[in-house]
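Report on the following structure.
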Amino acid sequence: MKKESDIGQRSSDLSYHTSVLLHESIEALHIQPDGIYVDATFGGGGHSKEMLKHLSGNGKLFGFDQDADAQRNAPADERFTLVQANFRDLKKFLRLHGAIPVDGILADLGVSSWQFDTAERGFSYRFDGPLDMRMNRYAEKTAADVLNEYSAEQLQQMLSEFGEVRNAKTLANAIVVVRNQKRFETITDLLQVCETNRMGEKHKYLAQVFQAIRIEVNDELGALKSLLEQSAEVLKSGGRLAVITFHSLEDRLVKNFMKHGTFDDEPAKDLFGRYERKFKVITKKPVVASAKEQKENSRSRSAKLRVAEKL
Ligand SMILES: C[S@@+](CC[C@H](N)C(=O)[O-])C[C@H]1O[C@@H](n2cnc3c(N)ncnc32)[C@H](O)[C@@H]1O
């Protein structure tokens, strides 16, 4: 982890992203050489590259990423198509490419190291930069918009629900007081209000606040729900869905959906009140990174892989 003194800099040897649970997730997909696959979160392309190794000349892979920066990583491979779009539009784009049904879908959620470590993107409290946090830089709502325009109640709910910030109400009220003097523009503006109001350990507190705002700006949970619902519609029977999550809010949605076909703890029922299962759960417990991977890549420590097969 970089120190506060590194603010405003980015290390020059930065690679785009180190893939997490790479072999575990690819193995779990049971790739059919002639199949059609989706990498819903293309990023640095590490998972896609591995998927392509398992495909024959007839196989196809569609990589989705809403961040234009990911384009630079697209492999020059005629089996591969990069779709620069939100994965909440999965079905629409697959239909456009005549690619439904598909044999497998992988999603490795959250932001890439590239996004996180680039100061101008505004994702990290380690660097100063604009309060942006948009994965898609053509999207309208930035982190600054959220901080400057949401009501105290909306801010409180966001901080508490998406970041589990313990003193969400205090911080939300403080944000409103501060912005009445001066609008929020930079990461430093946000750090200042956090510093005077934080509870507990500094880095943990900041991580919670930044996570909450990022989830809100990108509607990450809304997009994940759409992806899961559409995966049930576009996957072949026997096709596999593998999802890597990084916090409990995401993991709960994935776990419930794979198990029950809904986002609640209750199974979905059809019109006649019969249970309607969409998937068979392959991973009873989530797969986590090995001790070696956790040591080499700290980001992998919170990763959980869940896999299910379409019925
Ligand atoms: C953790 S990285 C994926 C890294 C990739 N698996 C690799 O091996 O390099 C997540 C990527 O997914 C993208 N992403 C996140 N949510 C998305 C969404 N709703 N729609 C499209 N792309 C999304 C981000 O822009 C980011 O590039």
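Assorted remarks:
- Residue check, Glu229 of a type in the set (Asp, Glu) and under 23 Å from Leu90 (Cα atoms): yes
- Qualifying residue in region 174-197 (condition: part of a helix (DSSP H, G or I), crowded, with 21+ Cβ neighbours inside 10 Å, within 16 Å of the ligand (Cβ to nearest atom) and of a type in the set (A, V, I, L, M, F, W, C)): no
- Of note, Phe62 satisfies the criterion of being at pLDDT 95 or above, under 20 Å from the mean Cα position of the chain (by Cα) and surrounded by 20 or more Cβ atoms within 10 Å (Cβ to Cβ).
- Inside region 204-217, residues that are touching a residue at least 60 places away in the same chain (Cβ under 8 Å) and surrounded by fewer than 18 Cβ atoms within 10 Å (Cβ to Cβ) make up a count of 1.
- Out of Arg95, Arg79, Arg88, Arg72, sole residue that is over 23 Å from Phe246 (Cα atoms), at pLDDT 95 or above and within 14 Å of the ligand (Cβ to nearest atom): Arg72
- Test: Thr18 is part of a loop (DSSP other than H, G, I, E, B), within 22 Å of Ile282 (Cα to Cα) and in contact (Cβ under 8 Å) with a residue 60 or more places away in the chain: no
- Among the residues of region 21-43, those that are part of a loop (DSSP other than H, G, I, E, B) and surrounded by fewer than 20 Cβ atoms within 10 Å (Cβ to Cβ) comprise His30, Gln32, Pro33, Asp34.
- Selection status of Arg126, away from the ligand (no atom under 15 Å from the Cβ), at negative phi and assigned to a loop (DSSP other than H, G, I, E, B): yes
The values are calculated or read from the model by the stated rules, or taken from the named source; none is laboratory data. Quantities reported herein were computed from a predicted structural model and do not represent experimental measurements. Ideal geometry is used to build each Cβ from the backbone, glycine not excepted, and the neighbour counts take in all protein chains shown.
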